[in-house]
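Notes for the one structure printed next.
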Amino acid sequence: MFTERFANLTPYTPGEQPRDMKYIKLNTNENPYPPSPGITDFLKSMDIEQLRLYPDPSSLRLRRTIAEHYGVDAENVFTGNGSDEVLSFCYYAFFESSRGQLLFPEHSYSFYPVYAEYYGIDYFKVPLNRDFSINLEAFLEKETATGVIFPNPNAPTGMCIGLREIDSFLSKFPKNRVVVIDEAYVDFGADSAVPLIRKYRNLLIVQTFSKSRSLAGARLGYAIGDGALIRALNIVKDSFNSYPVDAITQELGILAIKDTAHFEKTITAITAVRNEVSTALQNLGWEVLPSKSNFIFTRKDKVSGKKVYEWLKAEGILVRHFNHPGIEDFIRITIGRKHDMKAFLDLIADYMQTDT
Ligand SMILES: *Cc1c(COP(=O)(O)O)cnc(C)c1O
């Protein structure tokens, strides 16, 4: 019954969304705060009759709002059903094995190899530096690459690369190959490379409403880049699903972008708690990678990441553990509200009393 290509699929494993008991959920980098209050008002009073109609297939008002926010034109913006879908379209449009391997960091978003397998694109995982930062120089060592994708800040390390280093990398990378920077976490303290899209027509920035704008449930992502790249993504979209962003979500996106006060308030709260939790863990003897995201990646000598993860889960707190050689000692903790993080830190202190 099933095709060979289907039998060969290895799907992405998302963080657990448990139904069995109530956990403090610090495992999928969701935002602990609700979206903009304007969204509540909109949903309560929305014109439900409008749902009979198909949405605007090109999300024009939403794209204009995003474009205005970043100081680009609407023709530089593409929107999709979550940034995962946008990334999938990028793979289809820009990467193929006949032009070399797709390069991405060894420890990174685990969807990157999944899409490569799905589209049959050969890839190479570029090792991180010893301090777990992304080694952009090493991306230049491959003689031919079909393209590059990396997150900034990286996941699951949370570490970021500065704009000057990205600029220098792009100046040396072939101009006829696309570089995708996945900025899912950029709002939590890194510099966006959007200003570089005019200088580098092969640069595409991908962002999402899921993390910094508290809309993971609405599924909305976007890409910003040269008009030629955006037109290519539109051709892929219209060959697959002309209406990926539903009518409600288009409105929610506009409201979320426009509410800069709510955005800044929640970002400030999350980054402050992140810095406090990092310091508290360091005081307990944990190594914390310097995070510019809404999560931290941490380990402690002689403590098994898998065991802490399991213990925390049994105690009602979900974090993320990756059983990948090189990072298997770490746990990744999403920054939640202050009282949830206090509960987490108290449990870590207990764990060290009992187990080490
Ligand atoms: C969360 C995440 C995404 C996906 O975001 P959606 O817009 O919810 O699909 C993409 N890239 C990275 C690195 C992420 O962590």
query: Points 7 angstrom from Cα along the Cβ direction at ALA138 and LEU60: gap in nanometres?
result: 4.7 nm
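How high is the relative contact order of the range 158-274, in percent, with contacts defined as C-alpha pairs under 8 Å that are six or more residues apart?
Normalised by residue count, the contact order of the range 158-274 is 21 percent.
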- request: Please report the relative contact order for the range 5-112, taking Cα pairs under 8 Å with a sequence separation of at least 6, and give it as a percent rounded to a whole number.
  value: 16 percent
query: Just the accessible area for LEU53, please: 1.4 Å probe, Å², rounded to the nearest 10?
result: 80 Å²
statement: Per the range 94-168, sqrt(5λ) over the Cα gyration tensor eigenvalues, sorted largest first, in Å, gives 21, 14, 10
- request: Give the dimensionless ratio obtained when the Cα radius of gyration of the chain is divided by 2.2 N^0.38 Å.
  value: 1.00
- prompt: How much solvent-accessible surface does LEU43 expose, in Å² to the nearest 10, with a 1.4 Å probe and all protein chains in place?
  reply: 80 Å²
task: Using Cα pairs closer than 8 Å and at least 6 residues apart in sequence, work out the relative contact order for the chain, in percent.
output: 23 percent
message: Taking 27 Å as the cut-off for C-alpha to C-alpha distance, list the pairs among LYS307/LYS342; LYS22/LYS292; LYS175/LYS258 that go past it.
response: LYS22/LYS292; LYS175/LYS258
query: What order do LYS313, LYS338 take when sorted by accessible area (1.4 Å probe), most exposed first?
result: LYS338, LYS313
- prompt: If you take every DSSP beta bridge whose two residues both sit in the chain, what share of them, in percent to the nearest 5, is antiparallel?
  reply: 45 percent
- prompt: Where in the chain are the helices, taken as whole DSSP H runs, whose Cα atoms extend 20 angstrom or more along the long axis and whose Kyte-Doolittle mean reaches at least -1.0?
  reply: 260-283, 338-355
- prompt: Under 5 Å between amide H atoms, partner at least 5 residues away or on a different chain: which partners does PHE295 have, H built in plane at 1.01 Å?
  reply: ILE335
- request: For HIS324, HIS339, give the ranking by accessible area with the largest first, probe 1.4 Å.
  value: HIS339, HIS324
- prompt: Roughly speaking, what % of Cα-Cα pairs in the range 126-220 are separated by over 20 Å, rounded to a whole number?
  reply: 37 percent
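Arrange the peptides 199-212, 292-305 so that the one whose residues have, on average, the most other Cβ atoms within 10 Å appears first.
199-212, 292-305
Rank these by accessible area, largest first, 1.4 Å probe: TYR222, TYR92, TYR243.
Details: TYR222 0, TYR92 145, TYR243 90 Å².
I get TYR92, TYR243, TYR222, largest accessible area first.
Would you mind putting 173-186, 140-153 in packing order, based on average other-beta-carbon counts within 10 Å, highest first?
173-186, 140-153
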field: Two-decimal Rg/Rh across the range 200-356, once Rg and the Kirkwood Rh are taken from alpha-carbon atoms
entry: 1.07
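Can you compute the helix-only [θ] at 222 nm over the chain? Use -39500 (n - 2.57) per DSSP H run of at least 4 residues, normalise by all residues, nearest 500 deg cm²/dmol.
-11500 deg cm²/dmol
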statement: By the C-alpha gyration tensor axes a ≥ b ≥ c (rounded if a/c is under 1.5, else prolate when a/b exceeds b/c, else oblate), the shape of the range 64-210 is rounded
- prompt: Any idea of MET352's accessible area? Nearest 10 Å², probe 1.4 Å.
  reply: 40 Å²
For peptides 225-234, 99-108, sequence by mean Cβ density within 10 Å, most packed first: 99-108, 225-234
task: For SER239 and ASN283, calculate 0.36 nm times their separation in residues minus their Cα-Cα distance, and state this gained length in nm to one decimal.
output: 10.5 nm
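The values are calculated or read from the model by the stated rules, or taken from the named source; none is laboratory data. Predicted, not measured: the structure shown is a model, and the values here were computed from it. Cβ atoms come from the backbone with ideal geometry, glycine included; neighbour counts cover every protein chain shown. Keep in mind that these areas ignore ligands, DNA and RNA; they rest on the heavy atoms of the full protein, side chains included. Shrake-Rupley method; radii C 1.70, N 1.55, O 1.52, S 1.80 Å.
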